[in-house]
Amino acid sequence: MATVKTIMIEESVFADNNTAADAVRKMLTGKKTTMLNVMSSPGSGKTTLLTALVNKLKDEMKIRVMDVDIESTLDAQRVADSTGVEALQIHNGGLCHIDADMVTRALAQFAPEGSGVLEDTDLLILENIGNLVCPAEFDTGAHRNIMILSVPEGDDKPLKYPLMFSVSDLVLINKIDTLDYFDFDMDAARERILKLNPAATVLPVSAKTGEGLDAVCDWVREVVKDGGRR
Amino acid sequence: MATNYTDPVQIIELKESILEDNNKDAQDLRDQLKAQKSCLLNLMSGPGSGKTTTLLALGKYFKDRISWGVMEADIDSDVDARTILAAGIPSVQLHTGGMCHLDADMTRQGLNALFDSTDQHLDLVVLENIGNLVCPAEFDTGAAIKMTILSVPEGDDKPAKYPLMYEECDIMVVNKIDALPVFDFDKEKAERFARLRNPDIKIFYISARTGEGVEALAEELITRVQAWNA
């Protein structure tokens, strides 16, 4: 069974997060490792979705996952147990987001230079803190940002948390198996997202039933194939 | 629910606080509200857990018992304040300019605007905080009561992952219990995680949509408001 390591990360000392993020991205690109930053509200189904996605893709690419939480190792343990891939739990000491310097320091422990870990990783997934506000403000060094909006949260979220939708390349609308129970207008949600971010890809999915996941896998394959390049 | 989008909504652009000592400022505000016989409730939760819908459901029971008003804090949009105003409840929309939480000084700016907007004395003012389970928990707003909503679709593990929120709150409301049949939500587990950090937290189960359980919560709040204002 894959093991879970927990790393404690404190606030960044770097003033210029963007410089640090570019350095992370360049380093990863050099190792042919594609990094995806996954963001959402608490409880939108990040871990369930990632677990399903990893299980579909793990035979064709080498995947590693970094789970960020304030406390608990629930997520990393779940990912490790249900996929068998290596999962790293990052504890960020109560902070509401993760920045590029924290990623750098996590990687220094998780995949130090010379360990060959990154060379052996095609896809590195960062599961950010559950928060629709702060994570959107910090470039982590990922090649692409993915965000998840779940049906029970409501179709008005793009109006209220616009930055998150503006910085995300892929917006997944999760828990579509519960559409009958909630007043969620898919067309309105899509329209609000695309108004903020016309280049975004919007895909409806259910991590629970597996509906729509093939399209997400195709999107990930395309990004990984290009090594994260645009 | 029909919302009258022609109602004028007062939008307050909050300025970031320059006060260093938020705790002292919050205590000053609390003392001032106590003297004015107004009770401030800080309502916090993740995005989409049903804060606004819960307030509307409570309003039915508050009517004729206590006078109240609402400050809706959001990064953008005025949909929540419109919804509350359409129900005949005094409300102002606070914009935080991208900030992920409210502190005491920002709350005071909102209170001044709300009090100016109505001739009524308000026994209760609800601050509907930014949808965020992390940052708002760290800032004392001067509230007499702190309440958090956990909705069933978010999952029973949230009190384990965002412990400070549950440690800080007097009341935890579990909302959307009408959706229990479609989600794997273990009530016992949610209670255990919440009480681990806060043995005294009061827990209520409601469906803001169907109205189930709302009366008991309303009675609890009315009792607390009357005790504060006595």
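Within segment A:177-185, does at least one residue satisfy the condition of being surrounded by 23 or more Cβ atoms within 10 Å (Cβ to Cβ), away from chain B (no Cβ under 12 Å) and modelled with pLDDT of 95 or more?
no
Just give me the residues in segment B:154-184 being at the interface with chain A (Cβ under 8 Å from one of its Cβ atoms), surrounded by 24 or more Cβ atoms within 10 Å (Cβ to Cβ) and in contact with a helix residue (DSSP H, G or I) (Cβ under 7 Å, 6 or more places away or on another chain), in sequence order.
Result: B:K176, single match.
Among the residues of segment B:55-108, write down those that are part of a loop (DSSP other than H, G, I, E, B), within 12 Å of chain A (Cβ to nearest Cβ) and charged (D, E, K, R).
Of everything in segment B:55-108, those that are part of a loop (DSSP other than H, G, I, E, B), within 12 Å of chain A (Cβ to nearest Cβ) and charged (D, E, K, R) turn out to be B:D76, B:D78.
Kindly state which strands (runs of 3 or more DSSP E) lie completely within segment A:39-155 and contain at least 2 residues that are away from chain B (no Cβ under 14 Å) and within 29 Å of A:N197 (Cβ to Cβ).
Correct list: A:63-69, A:123-130, A:144-150.
Considering only residues of segment B:142-153 that are touching a Ser or Thr at 6+ places or on another chain (Cβ under 7 Å) and within 12 Å of chain A (Cβ to nearest Cβ), which is surrounded by the most Cβ atoms within 10 Å (Cβ to Cβ)?
That would be B:L150.
Out of B:A113, B:A137, report the one residue that is at the interface with chain A (Cβ under 10 Å from one of its Cβ atoms), of a type in the set (G, A, S), in contact (Cβ under 8 Å) with a residue 12 or more places away in the chain and assigned to a helix (DSSP H, G or I).
Matching residue, one of B:A113, B:A137: B:A137.
Looking at B:I201 and the list (1) under 28 Å from A:E127 (Cβ atoms); (2) within 13 Å of chain A (Cβ to nearest Cβ); (3) free of Cβ contacts under 8 Å to residues at least 60 places away in the same chain; (4) of a type outside the set (S, T, N, Q), which single condition is not satisfied?
For B:I201, the exception is condition (2).
Being part of a helix (DSSP H, G or I) and crowded, with 22+ Cβ neighbours inside 10 Å is the filter here; which residues of segment A:161-176 pass it?
Within segment A:161-176, the first condition is being part of a helix (DSSP H, G or I), and the residues that meet it are A:162-166, A:176.
Hits for segment A:161-176 are A:M164, A:F165.
Residue by residue, here is whether (1) under 19 Å from B:I66 (Cβ atoms); (2) surrounded by 18 or more Cβ atoms within 10 Å (Cβ to Cβ); (3) under 18 Å from the mean Cα position of the chain (by Cα) holds:
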| position | (1), (2), (3) |
| --- | --- |
| B:D186 | no, no, no |
| B:E191 | no, no, no |
| B:R209 | no, yes, yes |
| B:R224 | yes, yes, yes |
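In segment A:90-130, what residues are within 30 Å of B:C100 (Cα to Cα) and free of Cβ contacts under 8 Å to residues at least 12 places away in the same chain?
The answer is A:A108, and nothing else.
Just checking, does segment B:32-44 include any residue being surrounded by fewer than 22 Cβ atoms within 10 Å (Cβ to Cβ) and within 14 Å of chain A (Cβ to nearest Cβ)?
No, segment B:32-44 contains no residue that is surrounded by fewer than 22 Cβ atoms within 10 Å (Cβ to Cβ) and within 14 Å of chain A (Cβ to nearest Cβ).
Residues of segment A:74-110 being among the β-branched types (V, I, T) and modelled with pLDDT under 90, which ones?
So the first thing to find is which residues in segment A:74-110 are among the β-branched types (V, I, T), and the list is A:79, A:83, A:85, A:90, A:98, A:103-104.
Scanning segment A:74-110 gives A:V79, A:I90.
Of the numbered conditions (1) within 27 Å of B:G131 (Cα to Cα); (2) more than 14 Å from chain B (Cβ to nearest Cβ); (3) surrounded by 22 or more Cβ atoms within 10 Å (Cβ to Cβ), A:E191 satisfies every one except a single condition; which is it?
Of the numbered conditions (1) within 27 Å of B:G131 (Cα to Cα); (2) more than 14 Å from chain B (Cβ to nearest Cβ); (3) surrounded by 22 or more Cβ atoms within 10 Å (Cβ to Cβ), the odd one out for A:E191 is (3).
The values are calculated or read from the model by the stated rules, or taken from the named source; none is laboratory data. What you are looking at is a predicted structure, and each value in this text was computed from that prediction instead of being measured. Ideal geometry is used to build each Cβ from the backbone, glycine not excepted, and the neighbour counts take in all protein chains shown.
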